[in-house]
Amino acid sequence: MGSVLAASSPSPPPPPSAVASPGLTLPPGFAMPPVSPGSVSVQPEAVTTPLPNPGAFDECHRKCKEIFPMQMEGVRLTVNKGLSNHFQVNHTVSLSTLGDSSYRFGATYVGQKQTGPAEFFPVMVGDMDNSGSLNAQIIHQISDSIRSKMAFQTQQHKFINWQGDAEFRGKDFTATVTFGNPDVLLGSGIVVTHYLQALTPALALGGELVYHRRPSEEGAVMSLVGRYTGNNYIATLTLGSAGAHASYYHKANEQLQIGVEFDASTRMQDTSVSFGYQLDVPKANLQFKGSLDTNWVVGATLEKKLLPLPLSLVLCSFLNHNKNKFQCGFGVTIG
């Protein structure tokens, strides 16, 4: 009788360790307690967005400078002719009342190596004037992250300037080193290094170091730069022993862009502030640029494209109220 009662009595429940351990089979008739959906929390995986490349150091103030008008005096005629998809030549004739009239012949070659939507390498650009002076540049994309550039300048068949630089673009930084007029025999030359690092998608910080050496002179100049990029504006500040340079670019809408520049030079002991704007009228194929600075120099340029003809007209005028000097220019571009 005692054996029958012992056989019919229920078996004891398994220990908690057996229930929680994976790989074990639960006894027949044993059910796990229900688990409410809110009792288990799943942590989402953190998604990190990679920082963008901040671009080149020389491009920090470029967006603001592009909206300011360029000075031109006299009459200028430019004719562009494309000989093929990769080769183009141009002729430029400049006539001025100051006596510096000239003729320049230029050529541009673009290679077949494509690295972007509108980037092809190598690129060779050069022009020569009627006195034999030459300006030439060669730009080549060696790899996906390394780009090199060589520049030459002669004056009447004599080399006066040449430089070479190498630019390395990482995922979130850009480093550049430039050698200018190196002369091993005289122990002279200029070395310029740039570094720009992206800290956030909007903020980039970097620096520049310029070292120059001559037989009787040697020195170095260092400066720091910071750039903040918003949705429709760019603010940049450069500070160094040579002075300070600040710029602010703002895109008001698709037609209007404005910019302000502040420049303080410790060597010249001069400080100036410039205001510029650019107005585009796409329906009229018209572009107008104007500027005003604290030295009371007012300038403006007007460019009109005469479509469907490959012809552009440019009018330029600058007035310096302090020196009572006026400059006016007219340009025609064909092609």
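The values are calculated or read from the model by the stated rules, or taken from the named source; none is laboratory data. These numbers were taken from a predicted model, which means no experiment stands behind them. With ideal geometry, Cβ positions are generated from the backbone for all residues, glycine too; neighbour counts draw on all protein chains shown. Accessible surface is based on the protein model in full, side chains and every heavy atom, while ligands, DNA and RNA are left aside. Shrake-Rupley method; radii C 1.70, N 1.55, O 1.52, S 1.80 Å.
Things to note:
- Boolean, Leu186 is at pLDDT below 95, touching a strand residue (DSSP E or B) at 6+ places or on another chain (Cβ under 9 Å) and hydrophobic (A, V, I, L, M, F, W, C): yes
- Some residue of the range 218-232 being in contact (Cβ under 8 Å) with a residue 60 or more places away in the chain and surrounded by 14 or more Cβ atoms within 10 Å (Cβ to Cβ): yes
- Residue in the range 200-208 that is part of a strand (DSSP E or B), of a type in the set (D, E, K, R) and at pLDDT below 95 present: no
- Test for Pro282: is it open to solvent by 40 Å² or more (accessible area, probe 1.4 Å), more than 28 Å from the chain's Cα centre (by Cα) and either small (Gly, Ala, Ser) or at negative phi (or both): no
- Within the range 181-217, the residues that satisfy the criterion of being more than 18 Å from Ala242 (Cβ to Cβ) and of a type in the set (Gly, Ala, Ser) are Gly187, Ser188, Gly189, Ala198, Ala202, Ala204, Ser216.
- Whichever residue in the range 294-318 is surrounded by 17 or more Cβ atoms within 10 Å (Cβ to Cβ) and free of Cβ contacts under 8 Å to residues at least 60 places away in the same chain and, among such residues, is farthest from His61 (Cα to Cα): Ser312
- Test: residue in the range 176-189 that is touching a Leu at 6+ places or on another chain (Cβ under 7 Å), open to solvent by less than 50 Å² (accessible area, probe 1.4 Å) and within 18 Å of Val210 (Cα to Cα): no
- Filter pass, Ser3 being at pLDDT 50 or above and either outside any loop (DSSP other than H, G, I, E, B) or of a type in the set (Ser, Thr, Tyr) (or both): no
- Test for Gln114: is it modelled with pLDDT under 90 and open to solvent by 70 Å² or more (accessible area, probe 1.4 Å): yes
- The range 162-188: number of residues that are touching a residue at least 60 places away in the same chain (Cβ under 8 Å) and assigned to a strand (DSSP E or B): 5
- Leading residue by the ranking (nearest to Thr49 (Cα to Cα)) among those in the range 233-242 that are at pLDDT 95 or above and open to solvent by less than 50 Å² (accessible area, probe 1.4 Å): Ile234
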